[in-house]
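See structure below.
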Amino acid sequence: QVQLVESGGGLVQAGGSLRLSCAASGRNYIMGWFRQAPGKEREFVAAISRSGGSINYADSVKGRFTISKDNAKNTVYLQMNSLKPEDTAVYYCAASNRMAITTSPYLYVAWGQGTQVTVSS
């Protein structure tokens, strides 16, 4: 089972930027980012295919967040710009062995421990 380790969370003012990283112990997975705010369900943020040629974003982050990957390093990134207070959440990296990108958290087989992102107004 692939293991995932996130890093890069923190506290930032509204309008600022953060970059999250997720190091994977294996390869050949679809990689996704999800987030969960207190009292809310875990929600899809972004996902990238094995090759990096297919990407999907939640409407709430389109134009502000960018997902990318470095296959040589088995690492996926989430660049978050123009952050808003409503982006505050624990962000999770996840791996899926499905054939195509999926936004459902139930179709991801491995999860990182999560990293807190807090955006102050």
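So here's what we get for this one:
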{"item": "Per residue accessible area of the chain, 1.4 Å probe, in Å²", "result": "51"}
{"item": "Where 98, 50, 35 fall by accessible area, highest first, once all protein chains stay in place (1.4 Å)", "result": "98, 50, 35"}
{"item": "Residue with peak Gaussian network fluctuation, the chain [Cα springs, cutoff 10 Å], from 37, 95, 47", "result": "37"}
{"item": "In range of the label at residue 25: residues from the range 65-104 whose backbone nitrogen is under 17 Å from the point 7 Å along Cα→Cβ", "result": "74-76, 93-97"}
{"item": "Share of carbon and sulfur in the accessible heavy-atom surface of the chain [1.4 Å probe, %]", "result": "47"}
{"item": "Sum of side-chain charges, residue 82 neighbourhood, beta-carbon under 14 Å (Lys, Arg +1; Asp, Glu -1)", "result": "+2"}
{"item": "Computed lengthening from residue 103 to residue 121, 0.36 nm per intervening residue step minus Cα-Cα distance", "result": "3.6 nm"}
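The values are calculated or read from the model by the stated rules, or taken from the named source; none is laboratory data. All of these numbers come straight from a predicted model, not from anything done at the bench. Don't worry about glycine lacking a Cβ; one is built from the backbone with ideal geometry, like all the others, and counts go over all protein chains shown. For accessibility, only protein heavy atoms count, side chains too; no ligands or nucleic acids. Shrake-Rupley method; radii C 1.70, N 1.55, O 1.52, S 1.80 Å.
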